[in-house]
Amino acid sequence: MVGRTAELARLQSLLDGATGPTVALISGEGGIGKTRLVRELVRGLPAGVWALAGQADGTASSGPLALALDALGSVPPPEGTEDLQRAAADPSRPAEDRIRAAVDLLRRHVDHGCRVIVLDDLHWADAESIAVLERL
């Protein structure tokens, strides 16, 4: 990481000093290294600390809750969350039920050791994934 030491240190300090949920938004022009910066942060997490990561898809083919489901699918789910997983991914369910299930599932991941949730390309996120983020 050339030229991003201060930014990486700032993100790490947010993790080190966090006593509750903390949000960091990283913005900038395309191609300047935002994703790489976050990957370095995740790569440097201490043993036993892990991250969920999802990336929004800017194409019309991405469906409701796509970003949240991408993040939730990035690591194995906690035991006993099968019903929540099915509810979040079931397009026949009402949006509110799917959103509630995704929020509950993310909280269960946090209860089991997840300390970082990365949502990349948030500007392309679907409305349901934004609703999940707002509730968190």
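Details
- Residue-normalised accessible area of the stretch 2-92, expressed per residue, 1.4 Å probe, Å²: 65
- Between the helical axis of 5-17 and the longest alpha-carbon principal axis of the chain there is an angle of about 60 degrees.
- Computed over the chain with a Gaussian network model linking Cα atoms closer than 10 Å, the most mobile of PRO94, PRO46, PRO64 is PRO46.
- What a 1.4 Å probe finds exposed on the stretch 88-136 is 52% carbon and sulfur by accessible area, rounded to a whole percent.
- More than 15 angstrom apart: percent of Cα pairs within the stretch 39-98: 60
- Across the chain, Cα pairs under 8 Å and at least six residues apart give a relative contact order of 30 percent.
- Share of carbon and sulfur in the accessible heavy-atom surface of the stretch 1-84 [1.4 Å probe, %]: 55
- Solvent-free Debye scattering, log10 I(q)/I(0), computed from the Cα coordinates of the stretch 1-46 at q = 0.19, 0.23, 0.31 Å⁻¹: -0.61, -0.87, -1.34
- With Cα atoms, 0 to 90° folded angle of helix 95-111 axis to the chain main axis: 50
- The modelled label-to-label distance between ARG115 and ALA95, using points 7 Å beyond Cα along the C-beta direction, is 3.6 nm.
- Length added when fully stretched, VAL75-ALA6, from 0.36 nm per residue minus Cα-Cα: 22.0 nm
The values are calculated or read from the model by the stated rules, or taken from the named source; none is laboratory data. None of the values given here were measured: they were computed from a predicted structure. Heads up, the Cβs are rebuilt from the backbone with ideal geometry, glycines too, and the neighbour counts pull from every protein chain shown. Accessible surface is based on the protein model in full, side chains and every heavy atom, while ligands, DNA and RNA are left aside. Shrake-Rupley method; radii C 1.70, N 1.55, O 1.52, S 1.80 Å.
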